[in-house]
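Below is one structure, written out as structure tokens; comments come after it.
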């Protein structure tokens, strides 16, 4: 449409040039009064200047329209790319969380809490300092689960993920493990842990997190 307007405008300008020519140029042999040629030339020059200004305005308008269309197309393309990238990240995180290793880690942590309901955090911190071998495997599971949540939080903080995406990869029952098991252990080991920001974020996101069904022994599936 813009190209058609451009061509039509140019055609009108060219046509107006022909129509504005003095009749003395179109009809051969017609006598003219003294000074008429100079007057006609000046009039043509003024009209030509006006037409050139109109032509430049049309070109400028079309350039602006083309630039706006290009910007809109680029914006839509960027949004589509962003959505695709976030979908890929969400898929990768869900793969990590649904892995057998993650399930085992969650079960180990819940089992430890059930075995020591009154002082699971304090007991873990003491053994980690004095007899690390006794909790070495459990400590590895703790780090695995914690790093998953920290990764999600970091992606949210750097705007790789939106909050809706975070809710897709961390549910309320999953947040329970972080807030009710890992957080007490971390704070017992280090009251100034740098992970406090992540804890606060998930506390705000899920103020009423519920315990998930991760603990207990595995059952054989038929």
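Residue 184 fulfils the conditions (1) touching a residue at least 60 places away in the same chain (Cβ under 8 Å); (2) touching a helix residue (DSSP H, G or I) at 6+ places or on another chain (Cβ under 6 Å); (3) closer than 24 Å to residue 87 by Cβ except for a single criterion, (3). Taken over the stretch 136-169, the criterion of being buried (at least 19 other Cβ atoms within 10 Å of the Cβ) and more than 19 Å from the chain's Cα centre (by Cα) is satisfied by 141, 142, 145, 146, 148, 149. Those helices (runs of 4 or more DSSP H) of the stretch 134-217 in which 1 or more residues are assigned by TED's automatic domain parsing to the domain that holds residue 109 and closer than 15 Å to residue 104 by Cβ occupy 172-177. Residues in the stretch 99-113 that are over 15 Å from residue 182 (Cβ atoms) and in a helix (DSSP H, G or I): 100, 101, 103, 104. Look at (1) farther than 26 Å from residue 210 by Cβ; (2) surrounded by 14 or more Cβ atoms within 10 Å (Cβ to Cβ) and you find that residue 85 fails only one, number (2).
The values are calculated or read from the model by the stated rules, or taken from the named source; none is laboratory data. Everything quoted here is computed from the prediction, not taken from an experiment. So basically every Cβ, Gly included, is an ideal-geometry build from the backbone, and we count neighbours across all protein chains shown.
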